[in-house]
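Taking it in order: structure first as structure tokens, then the write-up.
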Amino acid sequence: MRVHFIQHVPFEGPGCISAFLQPKHQLSYTHLYRGQPLPSPGQIDCLIIMGGPMSIFDEQKYPWLKEEKRFIAEVIESDKVALGICLGAQLIAHVLGAKIEKNKYREIGWFPIYRNSEIENTLLNDVFPGELEVFHWHGDTFELPENSVLIASSEACKNQGFILENRIIGLQFHLEATPETAKALISHGRRELDNSRYVQSEREILSSEAKFDAINKVMFRLLQRIEERRS
């Protein structure tokens, strides 16, 4: 499987994902912040879109957002697999016609999500437990794209993910996160740790490596389901 990553900033990379896929698949990358070009949809089988601190509407500051949105639309129209994480999920939802807006709360740190029973009829039916503590770092949210299925919700954010046609997946949370990627996020976004209702401290975020191991295992199950679909 030819897997292509889009990365918006140097400190929000694939985390555990690339290590899982590397031995079995052909991986390629576009680092948009470096001005690198995007491939053609025909050159890839699966697109993974990472997060970033910008908004999907920041096209004046980040002109490459326009081209990225067109590319995502082309990939989806080409019947490819697309997985978006945080900003990546918001971009997919936007391309599919869903509204993107500020969430009522900023959500940063470890908070549980609650599985939507309707995903039992999707590719993700055995990926998520009923309740799972995951790592969050976001201030925006998306409405669900038409005909998509809600994956899960949290107290702070109703729409934590969606799946459409068993090949288009958006996750508001970060299953790919490792202690190293979380430290990088903190280093570049410490000003957002404002002690508000759903924002944890640096100490709380980094208190347990076991939490990262647990969410990485869920990400690996998700990636395995994608592999099975493409095989």
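With the stretch 127-231 as the region, which helices (runs of 4 or more DSSP H) entirely inside it contain at least 2 residues that are under 24 Å from residue 76 (Cβ atoms)?
209-230
Given the criteria among the β-branched types (Val, Ile, Thr), modelled with pLDDT of 95 or more, crowded, with 16+ Cβ neighbours inside 10 Å and touching a strand residue (DSSP E or B) at 6+ places or on another chain (Cβ under 7 Å), does residue 127 qualify?
Taking the combined requirement at face value, the residue does not satisfy it.
May I ask you to verify whether residue 51 is surrounded by 14 or more Cβ atoms within 10 Å (Cβ to Cβ) and touching a residue at least 12 places away in the same chain (Cβ under 8 Å)?
Considered against the rule, which asks whether it is surrounded by 14 or more Cβ atoms within 10 Å (Cβ to Cβ) and touching a residue at least 12 places away in the same chain (Cβ under 8 Å), residue 51 comes out as yes.
Across the stretch 1-13, which residue is farthest from the chain's Cα centre (by Cα) among those that are of a type outside the set (A, V, I, L, M, F, W, C) and surrounded by 22 or more Cβ atoms within 10 Å (Cβ to Cβ)? Steps first, answer last, please.
Our first condition is that a residue be of a type outside the set (A, V, I, L, M, F, W, C); within the stretch 1-13, this holds for 2, 4, 7-8, 10, 12-13.
Going one step further and asking which of them are surrounded by 22 or more Cβ atoms within 10 Å (Cβ to Cβ), we end up with 4, 7-8, 12.
Working: 4: 14, 7: 11, 8: 12, 12: 10 Å.
The qualifying residue farthest from the chain's Cα centre (by Cα) is 4.
Starting from residues that are of a type in the set (D, E, K, R) and in contact (Cβ under 8 Å) with a residue 24 or more places away in the chain, keep the ones in the stretch 108-156 and report whichever is farthest from residue 57 (Cα to Cα).
126
Is there a residue being of a type in the set (S, T, N, Q) and touching a residue at least 12 places away in the same chain (Cβ under 8 Å) anywhere in the stretch 79-96?
yes
When you scan the stretch 185-220, how many residues do you find that are surrounded by 13 or more Cβ atoms within 10 Å (Cβ to Cβ), within 16 Å of the chain's Cα centre (by Cα) and over 18 Å from residue 82 (Cβ atoms)?
6
Out of the residues in the stretch 17-26 that are without any contact (Cβ under 8 Å) to a residue 24 or more places away in the chain and closer than 19 Å to residue 174 by Cβ, which is farthest from the chain's Cα centre (by Cα)? Walk me through how you get there before you give the answer.
Our first condition is that a residue be without any contact (Cβ under 8 Å) to a residue 24 or more places away in the chain; within the stretch 17-26, this holds for 18-19, 22-23.
After this cut, where a residue has to be closer than 19 Å to residue 174 by Cβ as well, the list is 18-19.
Values: 18: 14, 19: 17 Å.
Here the residue is 19.
Search the stretch 157-179 for residues that are more than 20 Å from residue 146 (Cβ to Cβ) and of a type in the set (A, V, I, L, M) and pair each with any residue that is at pLDDT 95 or above and part of a loop (DSSP other than H, G, I, E, B) when their beta-carbon atoms are under 7 Å apart and the residues are at least 6 apart or on different chains.
177/15
Filter the stretch 130-154 for residues that are over 18 Å from the mean Cα position of the chain (by Cα) and not small (Gly, Ala, Ser) and give the result.
Result: 131, 146, 147.
Residue by residue through the stretch 131-185, note down the ones that are under 16 Å from residue 216 (Cβ atoms), of a type in the set (Lys, Arg) and in contact with a strand residue (DSSP E or B) (Cβ under 8 Å, 6 or more places away or on another chain).
Of everything in the stretch 131-185, nothing turns out to be under 16 Å from residue 216 (Cβ atoms), of a type in the set (Lys, Arg) and in contact with a strand residue (DSSP E or B) (Cβ under 8 Å, 6 or more places away or on another chain).
The values are calculated or read from the model by the stated rules, or taken from the named source; none is laboratory data. Since we're looking at a predicted model, the values are computed, not measured. Here Cβ is always computed from backbone atoms with ideal geometry, including for glycine, and neighbour counts include all displayed protein chains.
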